[in-house]
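The structure under discussion appears below in the form of C-alpha cells.
The values are calculated or read from the model by the stated rules, or taken from the named source; none is laboratory data. Quick caveat: nothing in here was measured; it's all calculated off a predicted structure. Note: ideal-geometry Cβ built from the backbone for every residue, glycine included; neighbour counts use all protein chains shown. In case anyone asks, the SASA skips ligands and DNA or RNA and just uses the protein heavy atoms, side chains included. Shrake-Rupley method; radii C 1.70, N 1.55, O 1.52, S 1.80 Å.
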Amino acid sequence: MIVKDFMTKNVIVAYENENIRDVVLRLREKNISGVPVLDENNNVVGVFSESDLLAQLPDILHEAEQIPLIDVKELTDAPVKTIMGKPPITIHENDSLKKAAELFLTKYIHRLPVLNDEGKLVGIISLGDVLKAFIENESCQ
C-alpha cells in the first residue's frame, strides 16, 4: 500500500504571507484542521494547523491583557509563516503507508504533504487516511 493510492489530491493550501485570520477562516469553512503552506513558487515551506494557533494562545492572551481589547484583531493579522510548523515534514507519493504511519507516530503530526519526484505538492495524507486504509485492508483483520 502506497501513499498516492490513499492521499487527497485536491489539496487546500495557504500561502506563507496570508494572514492567520484568513487561513483559520478557510479551515473552518472547509472543515479541516490544517493545510500545507506554500511560498510564491508553490514550494511547500511549512504546515499550518489549529495546533499551531492554539500553541500561540498563551502569548496572544498575555498580549491581550496589555493592549486594548479592540486591538486583539491585529494579533491575527500576522502572516501564517510566523507560527506555521517548519521545516515541513513531507512524504513522497510512492512511499509506503507504513512509512507515513511511522512519521505520524514519531513526529506527533496529523497530516503530511505529499510530494512528487520534482518536489511539488501532489496531495496530502492524514493520520485518518492511513488508519482507514489499514482498517479496510483484509490483512489487518
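Accessible surface calculations at 1.4 Å, restricted to protein heavy atoms, place region 91-141 at 61 Å² per residue. Taking the Kirkwood radius as Rh and the Cα radius of gyration as Rg, region 100-140 has a ratio of Rg/Rh equal to 1.04.
Solvent-accessible area of region 93-141 (1.4 angstrom probe, protein heavy atoms only): carbon and sulfur portion equals 54 percent. Peptide packing for 91-102, 44-55 was compared via the average number of neighbouring C-beta atoms within 10 Å per residue; ordered from the highest value, the list is 44-55, 91-102.
In the structure shown, the pairs Lys4/Lys120; Lys86/Lys132; Lys99/Lys132; Lys4/Lys132 are assessed against 19 Å; a Cα-Cα span above that value is assigned to Lys86/Lys132.
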